[in-house]
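Trainee: Got a structure here, written out as structure tokens. Questions coming.
The values are calculated or read from the model by the stated rules, or taken from the named source; none is laboratory data. Small disclaimer: the values here were computed from a predicted structure and weren't measured. So basically every Cβ, Gly included, is an ideal-geometry build from the backbone, and we count neighbours across all protein chains shown. Ligands, DNA and RNA are stripped out before the accessible areas are found, and what is left, the full protein with its side chains, is counted by its heavy atoms. Shrake-Rupley method; radii C 1.70, N 1.55, O 1.52, S 1.80 Å.
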Amino acid sequence: RPDHDVRRVENLEDAAHDAVEVGDVRRGQGVDHRRTDGSDVARCGGITETIRIAQLARSRGIETVPHAWKSGIIKAASLHCNAVMPDGTWQEYCVADTPIAKTLTVQRLPIEADGYVAVPTTPGLGVDLDEDVLESLRVG
């Protein structure tokens, strides 16, 4: 398991520049971005490790806001993490207008009118890859 995210959480108060970008966005809402952990489920070792990091962060008074950038796959995985975190209120949400961000998964996971995103409920992560998009992105 990569230990860079665990070390980052342990040193987060002294390393505000490592806080996720969402902290800067939310600062205007009165949230101190130095108190935010931005674990990336795809980089820190998966869902279980993300939950462990969130537990460690919470024990130190640090809110976890999953870093869910790039595709519907990581959005879905991060939403599942949020769903089981006692304080899983926020999630970074990629709005980039790219095929990977917008169309790689059949399920688009849109932001609803109330500002929330529904957690997928079908088996696994709850998303399916769009085979045509996947083929169009194939290299070689």
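Residues are listed down the side, and each one gets a yes or a no for (1) loosely packed, with under 13 Cβ neighbours inside 10 Å; (2) at pLDDT below 90; (3) in contact with a Cys (Cβ under 6 Å, 6 or more places away or on another chain):
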position	(1), (2), (3)
Ala83	yes, no, no
Thr89	yes, yes, no
Val95	yes, yes, no
Pro110	yes, no, no
Thr122	yes, no, no
Leu129	no, no, no
Val133	no, no, no
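Trainee: What pairs come up if the first residue lies in region 85-97 and is without any contact (Cβ under 8 Å) to a residue 60 or more places away in the chain, the second is part of a loop (DSSP other than H, G, I, E, B) and open to solvent by 40 Å² or more (accessible area, probe 1.4 Å), and their beta carbons are under 7 Å apart, counting only those six or more places apart or on different chains?
Mentor: Tyr93/Ile111; Cys94/Trp69; Cys94/Lys70
Trainee: May I ask you to list pairs of residues, at least six apart or on different chains, whose Cβ atoms are under 6 Å apart, with the first in region 106-120 being under 15 Å from Ala83 (Cβ atoms) and the second being part of a loop (DSSP other than H, G, I, E, B) and open to solvent by 60 Å² or more (accessible area, probe 1.4 Å)?
Mentor: Close Cβ pairs satisfying both conditions: Val117/Ile111.
Trainee: When you go through (1) modelled with pLDDT of 50 or more; (2) open to solvent by 50 Å² or more (accessible area, probe 1.4 Å); (3) touching a helix residue (DSSP H, G or I) at 6+ places or on another chain (Cβ under 9 Å) one by one for Gln55, which number turns out not to apply?
Mentor: Every listed condition holds for Gln55 apart from (3).
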